[in-house]
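Comments concern the structure below.
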C-alpha cells in the first residue's frame, strides 16, 4: 500500500527520473546526445591535480562540455572556453561563453559525439562541420613519481581531423576567466602575460619560437595567505599556458569576454593586447585568451596547461614554531616559471607514464578476475544496462550468465531478485570486471586531487624521523565534508589506493600526524582526529578539542601503520613510532570492546552507543598491534595484545551477532538493526586471522537480503550508503555478493541524478540522489574513493576473485609478520624524482606540420578491460602526442 509520500516520490521520479546515458533524446538542435564509455558518471574530471586545481564537467540533464561547461568541485562555474573555426564558421566545443554573444550566423555549437574516460584522461569528441574535434583533458596519476605528482597543473590537448578527406582552414581559440581564483566577483584581479619568465607588456606580437611557452598569470590583488573562501584559495595565482606549436600564426589577448570572443569569431585571430585595466571578475568580465591559426590542414593540435599555484602551500606547527612549507615541486624544478616550462614540455613523457599506469590498472583488474573468466567478459553482445525508470518500464525475468534466475521490476527500487527467496542478485549479463574498471578509473584522479606534497621543515634541533629532508610530507584536504587537514578517518578509507599504487605515499601522509603527537602538541591519550580544522593550516589541536572519535582514530592509526609495513617491509618505521602506537593501543584496551556513546567515521549519521562495527575496528587494531610488537621484539606485549584481542572478539560475538545468527547488529543487542561490517576488511587484507570465515560467510549471505537497486544501505537507520565502505565490504564477501556490490555501484554511476564529482554518499533507492534526510548531505570529490581499490589491494596481497571469504592465495600466512616488499608488489617503475628524466623539448608532432596526422579516438579502449601482460615490462605505451585515449 502506497503512502502519500510514496505517491509523490513516484510522481516526481516520473517527471524528472534518473538520467539514462543511452537515451535517444536530442538537444535543441535535434542532435543525439553523446555516447559514454565506460560509464556515464555524474561528472567527469577535467583538471584535477590538487584541492585548488580541481575542475569537472557535469553530465546533469544529459549535458556535456559545451552545454554544462566547467565547474570547481563544489559546483560554482569557472570560465573555460574553447572554439574551433573551420572555413570561417566557428563551433563552440568547450564552455558556454557564446551564450553572452549576439546571434551570429558564423557561430554554432559543436555537436557532441562521444565521451570517454580512463584513469588519466577525460575525452570529448564533437562534430564541427567537416571536422571532428577532440578535447582531451589529462591529469596524470603517477603515484610513484613524486615530482610530477606534486605539480598542480593539468593538460588540455585540443586536436582535430578532417572527416571528408579534404583540407580545411582551421583556427583554435581558448580562454579562461578569473572565476577560477575568487568565489566573489567583486574582488580585484591583476594579471600579466609571460613569455617564459619575461613579462609581455602592453601590446605586441608573439615573437617566440614554436616551443616558447606563453603564460597568463593572474591573482587576487589583495591576498590572504593560508586562507580560503568557499574552498577557493585567497592566495597564490592561476596560470593558463600555451605555445605556438605547429600553428602558422599564434596570438593572444586579454579583455572583456564578450569583446574578445566576438572579435575572434569575426576575425579568427586575437589582437596581441594585454588589457591594462585591472578589475574584479564581475566588472566587464576579463578573460585571458590564446588563438592558433593552422591554415589549410587536415589535422592539428594545440596544447594548454592550467592550474592554481600556491607558494607556500601549507602552514605547519613544528618545534620551531608555525612555519610555511613550500610545495615539493620547488625542490624538483625551481620557481613557478621553471615548473610551468618543465610541465608543458613534459607532456609526451607524462602521457607515456600515464598510459603505462592505466595499462597496468587494466591488467591488474584482469588479473584479479582471471580466475573466473565469466566475471571478466559478459557472454552477450555489449548492450546498454537494464533500464531503471521507477515508473515507466515493464517487468522482466531471465537467467544470467552464471545460470542464476532473476526477476526485475523497474517500477520499484528492489533491484534484481532471486525468484526463490527474493534476495538481491547482481545485475545480470554484464561484466563485473568492466564495471569495476569503470569505478576505479573514475576514482584515481579524484583521490590524488585531494593531496599536496611539501618540503619538510628544516629544524636544526629536531631529531624526528618524520622530517627527513629527502622525503616529502603529504597533506590531505578533507574535501567537501569538513575541510580538515589529514583527517584520520578520511585517510583510512582511502588507504587501499595507496597500498595498491605506492605505500610510501601512505607513510608521507601519516608522518605529519606522528610528528605532531610525538612532539607533545596533542594532550590526549588517544589519536587526534585531524591535523587542523581548516586546510591548509596544519596547526593541530594543542588544546585537544578536535572532533571526538577516540576509538575510531586510534584504531585507524594502528591499522594504517601496520598495513604500511605489510606492503613496504619497512620495520624501522614501526620501531620509530612504537611508543606512540603503544599509547593508542592502551586506549583501545580500555575502550574498544564497550565503546559507549561516541561517533564513528560515519559521523553524519550521529552518535550511537556501542557500535558493533566501531568495536571490531578497535579489536582488529589490537590484533595488528600484537604483530607490531613482535616485529619490534617486544614479545611480552605481543602476547598480551593478542590475548586481549582474542578475548574481546569472543565477547564481541556474543554482543554483536543477532540471536538468529543471520547477521551482526548495528549496535550491541539492538535486534532490528544491521549495517555494513566494513571494518573486518583489514583482517581479511592483512590476514590477521582474528575473524573466522564463518562470520564472513554469515555477513556475505545477509547483505543480499537487504539490498536495493543501487546497493546495500550503510545501515538500517537510512536508505543511503557509502561507496567506499561498500567496496571494503565487497572485498570480504563471496564472489556472488561481491558482484552484487560492484555491479550496483557501476549501475548507480550510469543512472544517478547527482550532478557533481563522484559522491561517496548517496541513496540506494529512487534516483540515487544525494541524501535528503534528516537533512541534505553533499559529499563531493572526496579522496575516500581510494577505498574503491579494495579489490586491487587484495590482489597486491596475493588474492584474486576466487578467494571469496577464505584466505586462499594470501601472500601473508595467517597472523604472521611477513611483509611484501615494494619491489615484489611494485607498480609502474618510474623515477621517484622525475625532475630531469622528462623530455625538455616540445613533442615533435606539435612542432611540425600536422597534415595527415590522426588524433587518438576518444572511443578507444576505455570500456574493455584488456590484458596487457602481468609485468610492466610488457607495456609499450604510445608516446605520440595524439594518443589521447590513454590506451
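I need 137, 230, 250 ordered by Cβ neighbour count within 10 Å, fewest first.
Values: 137 31, 230 11, 250 24.
The order, fewest Cβ neighbours first, is 230, 250, 137.
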Checklist outcome for this item: Stretched fully, the stretch from residue 99 through residue 636 gains (0.36 nm per residue minus C-alpha distance, one decimal, in nm) 186.0 nm
Item to check | Angle between the chain longest axis and helix 347-369 axis [Cα atoms, degrees, rounded to 10] | outcome: 30
Checklist entry - Taking neighbour Cβ counts within 10 Å as the exposure measure, how do 305, 399 sort from fewest upward? => result 399, 305
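If you take the beta carbon distance between residue 647 and residue 407 as r and set R0 to 45 Å, what does 1/(1 + (r/R0)^6) give as a FRET efficiency, to the nearest 0.05?
On the way: r = 46 Å, r/R0 = 1.02.
That pair, residue 647 with residue 407, gives E of 0.45.
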Checklist outcome for this item: Summing -39500 (n - 2.57) over every DSSP H run of at least 4 in the chain, dividing by its residue total and rounding to the nearest 500, the 222 nm mean residue ellipticity is -9000 deg cm²/dmol
Checklist outcome for this item: So the angle from the long Cα axis of helix 612-632 to the longest Cα principal axis of the chain, reported in degrees to the nearest 10, equals 90
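To the nearest 0.05, what FRET efficiency results for residue 184 and residue 319 with a Förster distance of 51 Å applied to their C-beta separation?
Details: r = 38 Å, r/R0 = 0.74.
Calculated value: 0.85.
Over the chain, what relative contact order in percent results from Cα pairs under 8 Å that are six or more residues apart?
Numbers: 2130 pairs, mean separation 145.9, N = 887.
It rounds to 16 percent for the chain.
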Checklist entry - Can you put 89, 490 in order, fewest other beta carbons within 10 Å first? => result 89, 490
Next on the checklist: How tilted is helix 578-591 with respect to the longest principal axis of the chain? Cα atoms for both, answer in degrees (0 to 90, nearest 10).
Outcome noted: 60
Next on the checklist: Show me, bin by bin at 10 Å from 0, the whole-percent P(r) of the chain based on Cα pairs.
Outcome noted: 2, 13, 23, 25, 20, 12, 4, 1, 0
Item to check | Separation in nanometres of the label points that stand 7 Å from Cα toward Cβ, at residue 259 and residue 459 | outcome: 5.4
Item to check | segment 615-715 - percent relative contact order, Cα under 8 Å, separation 6 or more | outcome: 24
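A short reminder: the numbers here are calculations on the coordinates, not readings from a lab. Nothing here was measured: the structure is a model prediction, and the numbers come from that model. Using ideal geometry, Cβ is built from the backbone for each residue, glycine included, and neighbour counts are taken over all protein chains shown.
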